[in-house]
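For reference, the structure is listed below as structure tokens.
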Amino acid sequence: MTDHVTTHQAEEDSRNEMILIWVNGRIVPKAQAMVSVYDSGFMLGDGVWEGIRLYDGRWAFVDEHLDRLFEAAKAIDLDIGMDREAVLQALLDTQAANGMVSDAHARLMVTRGVKVRPFQHPSLSRSGPTIVIIMEHSKPKIPRPIRLATVPHMRGLPMTQDPKLNSHSKLNCILACIAAEKAGADEALMLDVHGFVNTTNACNFFIVRRGEVWTSTGDYCMNGITRGKVVALCRANGIPVFERNFSLVDTYSADEAFLTGTFGAQTPVSTIDGRVIGTGQMGPMTERLRGLYKALIG
């Protein structure tokens with residue numbers, strides 16, 4: 001596919017070759033930012049992460065992102081070894097070292113650290129966590145609405161791999177993305193365990209029907225901060241919003257569909273399984289919500 005688009009597509013920026021990266025308390029050039037082949041994250045996907053965006057000198061909703069990071073670390077019984085203030089300071093130090101003021105994206109990653117032997121048991125990670133902050137100049141450049149294809153891969157049940165966990169183990173979503181790409185789409189639409197519409201492989205999902213905004217119940221979707229902000233903005237601005245079960249039948253006949261995520265905020269959807277959604281362009285509700293979200297960040 002020559003015009004493949006992703007929900008994390010950004011403008012090319014040559015400054016990203018010269019970025020400085022925070023690795024376990026040191027800020028080093030990109031070429032020197034290394035972790036061990038024995039690291040739990042590399043070996044097993046044993047870690048958690050956050051993506052945070054910088055707008056006009058401020059990290060958007062940074063308190064909620066840190067809440068989610070520390071909750072995820074506690075859930076997997078991982079001691080970050082730093083308190084919130086220290087993690088925030090590391091973020092600010094990395095920002096200062098890179099001289100970034102706006103349109104930047106930080107990927108904050110914490111793994112269980114280096115293992116003494118290449119096996120699964122967490123007790124083999126004895127040297128403390130590995131903490132990395134990658135910060136790039138990053139301006140979203142999504143040239144057209146996103147095309148989705150429904151795939152057989154589902155978000156996990158809470159007792160398998162809870163989708164509310166921002167885990168380094170992303171293989172399920174990667175396989176969903178590959179399936180969508182093979183079907184000629186940009187991203188995968190994933191159903192929940194009951195066959196209701198849930199999320200995409202990388203973002204949360206919304207439809208608009210007759211002036212109402214619908215999203216999944218939240219039982220099986222990612223614990224999206226942008227998703228929560230959109231629901232709250234609807235409620236604050238008199239827009240009917242429902243967290244509910246809905247099917248592909250409801251989805252195909254929607255007036256609009258859009259995705260939410262930290263990187264792209266609200267990204268319009270043009271087609272799902274070859275069906276054009278609304279006009280195939282960004283709809284008025286999506287545009288309105290983008291404006292409200294931008295004002296909220298400002």
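Side notes on the structure shown:
- Temperature 10 °C, viscosity 1.306 mPa s: under these conditions the Stokes-Einstein estimate for the stretch 37-107, based on its Kirkwood radius over C-alpha pairs, is 120 µm² per second.
- Cα gyration tensor, the stretch 65-187 - rounded (a/c under 1.5), prolate or oblate: oblate
- In Hz, Karplus ³J(HN,Hα) per residue of the stretch 180-193 (6.51, -1.76, 1.60; θ = phi - 60°; x = Gly, Pro): 5, 5, 4, 8, x, 10, 8, 8, 9, 8, 9, 8, 8, 5
- Computing Cα extents along the principal axes in Å for the structure here picks out one of (i) 49, 43, 41; (ii) 55, 40, 40; (iii) 132, 52, 39, namely (ii).
- Under 5 Å between amide hydrogens, built in the peptide plane, is the criterion, and for residue 272 it picks out 148, 277 among residues at least 5 positions away or on other chains.
- Interchain or long-range residues, amide H under 5 Å from residue 39's placed H: 115
- Ordered by the number of other Cβ atoms lying within 10 Å of each residue's own Cβ, fewest first, 124, 296, 78 fall into the sequence 296, 124, 78.
- In order along the stretch 284-293, phi translates into HN-Hα couplings of x, 5, 4, 4, 5, 5, 4, x, 5, 5 Hz, rounded to whole numbers, per the Karplus curve 6.51 cos²θ - 1.76 cosθ + 1.60 with θ = phi - 60° and x for Gly and Pro.
- Between the amide H of residue 19 and those of 30, distances stay under 5 Å, these residues lying 5 or more places away or on another chain, with hydrogens modeled in the peptide plane.
- Reachable lysines from residue 294, criterion Cα separation under 16 angstrom, eight or more residues apart if same chain: 139, 229
- The stretch 14-137 shape via C-alpha gyration tensor axes, a/c threshold 1.5: oblate
- Normalised contact order of the chain, rounded percent, pairs of Cα under 8 Å and 6 or more residues apart: 18
- Across the stretch 194-205, computed HN-Hα scalar couplings (Karplus, 6.51 cos²θ - 1.76 cosθ + 1.60, θ = phi - 60°) run 9, x, 8, 5, 10, 9, 9, 5, 10, 9, 7, 10 Hz from first to last residue, x flagging Gly and Pro.
- Rounded to the nearest 20, the Cβ-based charge dipole of the chain about its Cα centre (Lys and Arg +1, Asp and Glu -1) stands at 80 debye.
- Bridgeable aspartates and glutamates around residue 30 (alpha carbons under 13 Å apart, same-chain partners fewer than 8 residues away excluded): 17, 136.
- Only DSSP H runs of four or more residues enter the estimate; each adds -39500 (n - 2.57), and after division by the residues of the chain the mean residue ellipticity at 222 nm equals -8000 deg cm²/dmol.
- Here each label is just a point 7 Å from Cα along the line to Cβ, and for residue 30 and residue 86 those points are 2.9 nm apart.
- The magnitude of the dipole of the stretch 14-137, with charges of +1 and -1 set on the Cβ of Lys/Arg and Asp/Glu and taken from the Cα centre, is near 480 debye.
Every read-out reported here was derived from the displayed coordinates using simple, explicitly stated rules and does not represent laboratory data. The structure displayed is predicted, hence computed values, not measured ones. Note that each Cβ is placed from the backbone with ideal geometry, even for glycine, and that neighbours are counted across all protein chains shown.
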